[in-house]
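Trainee: There's a structure below that I have some questions on.
Please treat every number below as a calculation from the coordinates, not as lab data. Computed from a predicted model, the values in this text were never measured in an experiment. FYI the Cβ positions are ideal-geometry reconstructions off the backbone, even for glycines, and counts take in every protein chain you see.
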Amino acid sequence: MRKHRPLPGPFPAAFDPPMRRFLLILGLCIGTAAGLAHAQEEPAAGTGVLPEVALSQLSEEDNSLLGREALAVRPGDWKHAETPHFILHFFHNFVAAQAAAELEFYYHAESEELHRDTSAWERKSHVYIFENEADWHLFQGKAQLDPWSGGIHSGGNLFIIRNPAFKFEGRSLGHETAHLVLYRFFGAAIPLWLNEGYAENASMRFYSGLEKRRGYMMPPRVAALTASNYIPLANLTSAAAYPDDVIQVSIFYQESEKLVAFLRAQSPEGFVAFLDAISHGSQMDTALEKGFGSRFTGLDALDREFAGYAQRRYQPLAGN
Ligand SMILES: [Zn+2]
């Protein structure tokens, strides 16, 4: 007996017809894929899942060092397929088909709210999908893992693990896709807090639209943000590296996400202008002025106002 799996909708009406068609096909594939998982590796032929392409026939090669390291893990077992914006490397078609639907959903949603025209960016991103922790750890030793999400964004490519038992899987694809969108359309000069803060914030918002109905759990919070562990904004916004221990990493991600939520609540459009300014070299005070006019008189004023919000339990704000 095959279980029916709901489509990963709702898809925004703004999707163009080819994208809607693609997602609809994938949605149908996902229903089949869930059945495949039950049927213990039933052959994919004829089930309408992602059409597979030989490595040598892909529209673009990935010459990155990490890409080569990934394909060096069990080199004979990788399969390949393409979607409108991604080239996927994977071991099982049904795993890739589900990931592809989510990737295209997040890519569209995140680039659209940041007002970026994705049609101008023709190159595709490579996505490497690992399926077990042994393979992942073999690869992970060669790359710096994003300490919160369990995925890696590197130079416009993603390296992820899709394993139902992996505890941070839920919205990690939305998180890593946000890094990819920021990298593509705003460049590599985004401060760490803003990169992680937006990735957390966007993945939380779009995750609830896409995946909550599937019953995934949100990642656990390791520690609550309080007055005693609050990071002054002068320190948060100038951090160039992740904190050393897991508690501090958790606080860093939470506070960064809340700061993005707080700024977006002032004005979603202002937040995009702020992001644009800061990714093109503005200091915080200047970027705040470009995004929000005279709303804040500088980073110190923002800090005084934000600290109270940051230490409350999470509450979505208007515009969030
Ligand atoms: Zn991240």
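Trainee: Apply 1/(1 + (r/R0)^6) to the Cβ-Cβ distance of residue 282 and residue 234, taking R0 = 25 Å, and write down the FRET efficiency to the nearest 0.05. List each step's numbers first, then the result.
Mentor: Working: r = 16 Å, r/R0 = 0.64.
Given R0 = 25 Å and the Cβ-Cβ separation, E is 0.95.
Trainee: Quick one: if you stick a label point 7 Å off each Cα along the C-beta vector at residue 60 and residue 267, how many nm between them?
Mentor: It is 3.4 nm.
Trainee: Setting aside same-chain residues fewer than 8 positions from residue 290, which aspartates and glutamates have a Cα under 19 Å from its Cα?
Mentor: Filter leaves 113, 269, 276, 300, 303, 305.
Trainee: How large is the Kirkwood hydrodynamic radius of region 266-311, in angstrom, based on all distinct alpha carbon pairs?
Mentor: Hydrodynamic radius (Kirkwood, Cα only) of region 266-311 equals 10.7 Å.
Trainee: While we're on this one: Give me the number: length gained by fully extending residue 119 to residue 304, i.e. 0.36 nm times residue separation minus the C-alpha to C-alpha distance, one decimal in nm. Mind dumping the intermediate values first?
Mentor: Numbers: separation 185, 0.36 × 185 = 66.60 nm, distance 4.10 nm.
In short, 62.5 nm is gained.
Trainee: ³J(HN,Hα) across region 275-280 via Karplus (A = 6.51, B = -1.76, C = 1.60, θ = phi - 60°), whole Hz, x for Gly/Pro?
Mentor: Listing the rounded values in order: 4, 4, 5, 6, 6, 10 Hz.
Trainee: In terms of modelled amide H atoms, which long-range or inter-chain residues lie less than 5 Å from the amide H of residue 88?
Mentor: 81, 82, 83, 127
Trainee: Hey, if you put +1 on the Cβ of every Lys and Arg and -1 on every Asp and Glu Cβ in region 225-300, which of 231, 274, 253 ends up farthest toward the positive end of that dipole?
Mentor: Of the options given, the answer is 274.
Trainee: In 5 Å bins starting at 0, how do the alpha-carbon pair distances of region 220-282 split up by percent?
Mentor: The percentages, shortest bin first, are 4, 16, 22, 25, 16, 12, 5.
Trainee: What's the ranking of 108-114, 172-178 by average number of surrounding C-beta atoms within 10 Å, highest first? All intermediate terms of the calculation are to be shown ahead of the outcome.
Mentor: On the way: 108-114: 20.1, 172-178: 27.6.
Highest to lowest by the protection proxy: 172-178, 108-114.
Trainee: What is the fewest-to-most order of 228, 203 by other Cβ atoms lying within 10 Å of their Cβ? Let's see the in-between values first.
Mentor: Details: 228 6, 203 27.
In order of increasing Cβ crowding within 10 Å: 228, 203.
Trainee: P(r) of region 69-149 in 10 Å steps, Cα pairs, percent per bin?
Mentor: All Cα pairs, binned at 10 Å, distribute as 16, 42, 33, 9, 0 percent.
Trainee: For a protection proxy built on the mean count of beta-carbon atoms within 10 angstrom, sort 70-76, 245-251, 151-157, 283-289 highest first, please.
Mentor: On the way: 70-76: 14.1, 245-251: 15.7, 151-157: 20.1, 283-289: 18.4.
Top to bottom by mean Cβ count within 10 Å: 151-157, 283-289, 245-251, 70-76.
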